[in-house]
Every structure is written in C-alpha cells, then in structure tokens.
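Engineer: Okay, handing you the structure first.
The values are calculated or read from the model by the stated rules, or taken from the named source; none is laboratory data. These numbers come from a predicted model, not from an experiment. Note that we place each Cβ from the backbone using ideal geometry, even for glycine, and neighbour counts take in every protein chain shown.
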Amino acid sequence: MDKLRITGGQPLNGEVLVSGAKNAALPELCATLLTNEPVMLRNVPRLQDVATMRRLLENMGVTVQTHGERGGMTLHAADPITPEAPYELVKTMRASVLALGPLLARFGRAKVSLPGGCAIGSRPVDQHIKGLQTMGAEIVVEHGYMVAQLPAGRTRLKGARITTDMVTVTGTENFLMAACLAEGETVLENAAQEPEIPDLAEMLIKMGARIEGHGTSRIRIQGVERLHGCEHAVVADRIEAGTFLCAVAATGGDVVLRHGRADHLDAVIDKLREAGAEIEAGDGFIRVRASGRLKAQSFRTTEYPGFPTDMQAQFMALNCIASGTSTVTETIFENRFMHVNEMVRLGARIQIDGKVAVVEGVEKLSGATVMATDLRASASLVIAGLVAEGDTVVDRIYHLDRGYDQMEIKLRGLGARIERIR
C-alpha cells in the first residue's frame, strides 16, 4: 500500500496546472450512456475514481479510447449495452449511482449496486429513487441493488416536477441526465448549484438537450427523443485549486495556478485573504502569495456558493498553525472530522463538540506517521506534513489518488520535499 513521505518546512514557489474536476468528469462519463454516438471528453483527470468509472462503462459494453497528453478520452456507447453496474466495480465509488438515470432514460431499465465511497457520513440514495419514481420509474432495492424499469407499455420516462428534501449534487445530476430523454418538461426545484452541474448541463446541451436555469436552484429541461455525440472539456477542479491555495498559504511562497477558476472559489478565497494571504486572479489563472504566520479564520460549511465541505479539512490544516483560535462548523456530513485525531498526532490542538471543531493555532507541528481516512482528509494531512518539522508519513493514500491527479509530482514541482513510497 503506497505512502507519502514529506519533509516539511519548504515554501512553495512556481506554477502548477489545475486538472479537470473529478466531480464533473464522473457524471459526464455517465452522460455518454445517453447516446449511441461517440463523445469526446478533454481534460479528464487521471484519478482512481475515473479509472473505476471507465472499467464500469467498459463492462457495460462502452468502447473507450484515450488520446493526447491533456486527458483526452472518446467513449462510444453503441448497442448492445448491458445496463448493469455490479458491486465488484462500484463498491469503492459513490458516483456509480450516476449511471442509474442515464441507463433508465435510454434503455428503460437498469440494475445498479448501492454505492460505496468515503466513510464521511450518511449519503443516502433515497432522493435519487424518489425523484426517478416521480418520473414514472418502478424501482425496488433488493440484494444490495437498485433495480429500475419503466412500466409496461411505456418507452420513455415522463417529465415531472421534482423537489428534493435536501440539496443533493448527484441527485440533481441524475435527474438532469434522465430528464433529457424524458417525455415532456421536467422542473428540478431545490437543485444544487455547484459549478460541476452547469458544466454537465453545457455538455448535454452540446449533445442536443434543451436545458435552462442550470447554475440556479430551478432547472427546466424539455425532453427530446434522442441525443447525439459532442466534444467537451471538463471544467477545472475547484477543490484541487483550493487545496493548493491552502498549501501555499500554510507553507508560504508564491504560486500561480494555471486553469484555476477564482469565480468558483469565492468563499475560500475570501477566507484566505482575511487570513493574510495575497490572491490575485485573471482569465485562467490564480496567483497566491503568503509569508509569515497567517491569522486563524472561523467558517461554516454549506452548499455552494458557501464554503465547501470538500475544503473544510484543508483549511483546518492552515488554522492549526495560524495565529489565534478558530471554530470550524461542519453542516453537510456528520463524520467529516476524522482527520482531527491524525492532526493531533502532529501536534495540533483541536477540540470537537458535535458539529464544531475548536482549533487553537500552534507555532509549529512536528512530523509523525498518520493515516488518511477519506479523500479530503488525506489532502489536509499532506498540507500539515508540508509545514511540520521533520518527516511526516501519510499512510493509506489510495484515498488521495481517488481525487487528486499526481498530487505529489505537482507539489515536488513547486519545491516540496515529498516522495511516494511504494
């Protein structure tokens, strides 16, 4: 099992290229199931979850070709396709649920395993099931699978008004894809607004879908009979960009993030500026500069455009060595403080009370062996290791590989002393 060894205390300087977003690439890979024509995706990140999704699609019968150095991938879901997602292929990846809507919309039936993924709390699929049932699907959960089909006599899902009980990103994406081939109009109320959803919608529009309101809480889709192929570039990963911003703010230095989208990171950038980091942004880049000890910042995670839960652990790493005391309130996932015990091993002072973590900044952390518990927790431990005195070893970095494209290589290019131990 791979590990990372980090020798801390080195400022970061230079340029780094932000990869395509995992949370955009995965639904867009599933969207290729909606047409029998080839779809070319560019800027697809090299991640474990992407490789898992590729194997899943190939197992269904989709042909996949990779080309070019910038993550080019052409997918062709020509008949025959087996509309099933078995447990063996999806047990480590929650995004497998995103195959349900496209398969049901195009083929009228689907069998998809209940998904796995990070152990960061309850992320139920009941909203997906209820929404697709509103569109006329018959769905049962049996033997660990969601088994869906259209009623006898129907060949397409029917348009509907879907209002979810909570904001759900993957639910919004599933309904959006399914509605493209449904009969009539579908209105998604309480829709998620994360940047990856407008990016998916823009891809679907290129395929011939009729969508309005993407990027707002109400999305309207007029169903069409068929979709066609297209070419689409995956949007830049705002969480990878935010992780590098926090790393530079914690270690000090001067770094330019190429392909970074500052407009997707307003809440994080505001907090970094309040902490004392200098950030400037332009068309296709973000520059971050920091020196000395920054000021601790309190924040509360919430749905986009608020402070993202996927950046909570990384900013907490910065707060651990910042000046002052801060409170971090996690409102999205109930188990997303599992990195705290590992940070305490590095010398951090953190107390947890329910959904609130109180972080008392210390002048320095000290290297130790720590264990990653989920994707973003692993990134926070890497940041902590970059500022800690001595050597830090981060174990179980397969979590990191699920969501970061060659992170240690990019950090080494900025001057970090970091190596992968195989």
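Engineer: Which of the residues spanning region 67-90 are surrounded by fewer than 20 Cβ atoms within 10 Å (Cβ to Cβ) and assigned to a strand (DSSP E or B)?
Structural biologist: Listed by number, the residues that qualify are His67, Gly72, Thr74, His76, Glu84.
Residues are listed down the side, and each one gets a yes or a no for (1) among the acidic types (Asp, Glu); (2) closer than 25 Å to Phe299 by Cβ; (3) more than 26 Å from the chain's Cα centre (by Cα):
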| position | (1), (2), (3) |
| --- | --- |
| Asn341 | no, yes, no |
| Gln351 | no, yes, yes |
| Asp374 | yes, yes, no |
| Gly390 | no, no, yes |
| Gly403 | no, yes, no |
| Ala416 | no, no, no |
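Engineer: How about region 51-67: which of its residues are out of contact with any Ser or Thr (no Cβ under 8 Å at 6 or more places or on another chain) and small (Gly, Ala, Ser)?
Structural biologist: Ala51
Engineer: Taking Ala281 as the residue in question, decide whether it is more than 22 Å from Gly385 (Cβ to Cβ), modelled with pLDDT of 95 or more, surrounded by fewer than 19 Cβ atoms within 10 Å (Cβ to Cβ) and of a type in the set (Gly, Ala, Ser). Full working, then the answer.
Structural biologist: Numbers: more than 22 Å from Gly385 (Cβ to Cβ): yes; modelled with pLDDT of 95 or more: yes; surrounded by fewer than 19 Cβ atoms within 10 Å (Cβ to Cβ): yes; of a type in the set (Gly, Ala, Ser): yes.
Yes, satisfied.
Engineer: Specify which of the listed residues (Val97, Val44) is in a loop (DSSP other than H, G, I, E, B), out of contact with any Cys (no Cβ under 6 Å at 6 or more places or on another chain), under 19 Å from Met177 (Cβ atoms) and in contact (Cβ under 8 Å) with a residue 60 or more places away in the chain.
Structural biologist: After applying the criteria, what remains is Val44.
Engineer: Looking only at residues in region 182-234 that are touching a Leu at 6+ places or on another chain (Cβ under 7 Å) and over 23 Å from Thr134 (Cα atoms), which one is surrounded by the fewest Cβ atoms within 10 Å (Cβ to Cβ)?
Structural biologist: Filtering first and then ranking leaves Gly208.
Engineer: Hey, which of the strands (runs of 3 or more DSSP E) in region 207-280, taking only ones fully inside, have at least 1 residues that are of a type in the set (S, T, N, Q)?
Structural biologist: Of the strands (runs of 3 or more DSSP E) lying wholly inside region 207-280, those with at least 1 residues that are of a type in the set (S, T, N, Q) span 219-222.
Engineer: Continuing with the same structure: Could you tell me how many of the residues in region 334-387 are part of a loop (DSSP other than H, G, I, E, B), buried (at least 22 other Cβ atoms within 10 Å of the Cβ) and modelled with pLDDT under 95?
Structural biologist: 6
Engineer: Would you check which residues across region 139-161 are hydroxyl-bearing (Ser, Thr, Tyr) and surrounded by fewer than 17 Cβ atoms within 10 Å (Cβ to Cβ) and list them?
Structural biologist: If the condition is that a residue be hydroxyl-bearing (Ser, Thr, Tyr) and surrounded by fewer than 17 Cβ atoms within 10 Å (Cβ to Cβ), then Thr155 is the only one that fits.
Engineer: Exactly one of these conditions fails for Gly253: (1) at negative phi; (2) surrounded by 20 or more Cβ atoms within 10 Å (Cβ to Cβ). Give me its number.
Structural biologist: Unmet condition: (1).
Engineer: Let me ask something else. Select from region 162-181 the residues that are exposed (fewer than 15 other Cβ atoms within 10 Å of the Cβ), within 20 Å of Arg94 (Cβ to Cβ) and not acidic (Asp, Glu) and list them in ascending order.
Structural biologist: Matches in region 162-181: Met166 only.
Engineer: So, Val328, is that one touching a strand residue (DSSP E or B) at 6+ places or on another chain (Cβ under 8 Å), β-branched (Val, Ile, Thr) and either more than 25 Å from Lys295 (Cβ to Cβ) or in contact (Cβ under 8 Å) with a residue 40 or more places away in the chain (or both) or not?
Structural biologist: no
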